[in-house]
Structure formats: C-alpha cells, structure tokens
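The values are calculated or read from the model by the stated rules, or taken from the named source; none is laboratory data. As the structure is a computational prediction, the values presented were derived from the model and not from experiment. Neighbour counts are summed over all protein chains in view; Cβ atoms, including those assigned to glycine, are modelled from backbone coordinates with ideal geometry. Heavy atoms of the whole protein, side chains included, go into the accessibility calculation; ligands, DNA and RNA do not. Shrake-Rupley method; radii C 1.70, N 1.55, O 1.52, S 1.80 Å.
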Amino acid sequence: MAVGLRRLLDPAHTAVVTCECQEAVLGEKAVFPALAEAAQQSGLVGNLRRLCAAARGVETPVVHCTAERRADGRGGNSNARLFAAAARAATPFDPALHPGLGADPDRDFVLPRLHGLGPFQDTGLASLLRNLGTTTLVVTGVSLNVALLELTLGAVDAGLQVVIPTDAVAGTPPQYAQAVLAHTLALVATLATTDDVIAALTAPGRDL
C-alpha cells in the first residue's frame, strides 16, 4: 500500500483488537490443538503482549474480542461444521484471556460473543470503535481461517483502515495461513511485522 504505517497508526485514532486469544483457544487444553500449535510456532502470544503494552503506553485502546459457548449450547450457532466441532470438544469454551497476553482489566476492553463467525458484527465492536474515534484497526489473534477474515472484511466495509502484524496472527495449516495473508488479506489490509507496528505507533513522527 502507498499509505505508510506512520500515517495509518496515529495513536489517537488507532485501536488494537485481539481475536479469540483465550486459554481455551491458545492454551495447553485448546479446543483446536493444531491452531494452538500454529500460534505457538509464530510467537503470537509474546508478540501480542509487546504490542498491547506499547499501545497502552501511547493511550491507544486495546480491545479483546472473545468467543463463548454456554454449557447447554443455547444461543450459539449450529449451522456449520466449525460450530459442531466446538460443541463436541472435551474442553469447555472458556472465554478467559490467555494469561500470556498480560491483559490490563482496568484499561482494556473485553467484548464477548455467543454466536457468529467473527467479532465485527453484533458484539458492539463497531459502535465502540466509532465512539473511540478509531480510523485504523490493528487486527491480531486467530484464526486466519475464519474469524480474522470476518473481522478484517467487516472493518474495511465499515470504512476503517486495517493493519495486520503477520507474526501476531495464526491459522492452520500454516501454509494456508500464509496464502490467506498473501492472496486475500494483502488486498484489503496493510501487512507488517509486530516490530514495525510498534515502531510506527510509538514514534509516529518517523516515516516508515
């Protein structure tokens, strides 16, 4: 993209959004172990911890979008294989954030969802971002298979710019995740590294 990170990542008009970065998704007893392994290989949790800390340091909001499922399944989707697999999982879909993120409960926002493929619709995220004056979304978390596509495309449709730190997202298998980044998300978002995003966000006067 011609627009540089420096211009996109104005701290006053940027929000960092983590998607499904939960113990049930990324932890030792993850509902989808292959996805948790892909996230571990990419260093996702550590990179996100650094990114979120940097964002808080310049007063940029951090929003954690989580997925929940009631024990009885009521209110959740059942119209796709993905939902059926989650329902069959032995591990409950606990919405608790992964402890490695270093979330700040006094400053961060947490938006749970009970249904749907991703967090942009029907969670209050769009309204929250408008109220915060957000024009650029830093999209992170999992997964590049489904939820991050919904989040990114929804944000773009809503008129927001999207930046994706490629080492702070994951999907499975990893080769497919890289293809999604290269051949789909690169068409609608700016791809960068976590280090580059942190540098642009915390030193916006530098032309990156």
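Points worth noting:
- Within segment 99-208: Cβ-based charge dipole about Cα centre, in debye rounded to nearest 20 (Lys, Arg +1; Asp, Glu -1): 140 debye
- GluC sites (Glu not before Pro) restricted to segment 1-45 and DSSP loop, no more than 11 other C-beta within 10 Å: Glu28
- Segments 50-59, 133-142, 194-203 sorted - mean Cβ within 10 Å per residue, highest first: 133-142, 194-203, 50-59
- Calculated accessible area for segment 106-208 comes out at 44 Å² per residue, all protein chains present (probe 1.4 Å; ligands, DNA, RNA ignored).
- Average projection, convex hull of the Cα set of segment 1-59: 5.1 square nanometres.
- Gly171 long-range amide H proximity, modeled H, under 5 Å: Leu144
- Between segment 30-54 and segment 142-165, the alpha-carbon center distance in angstrom: 17 Å
- Segment 120-170 - percent of accessible surface contributed by carbon and sulfur, probe 1.4 Å: 47 percent
- Rounded to the nearest 10 Å², the accessible area of Arg49 at probe 1.4 Å: 120 Å²
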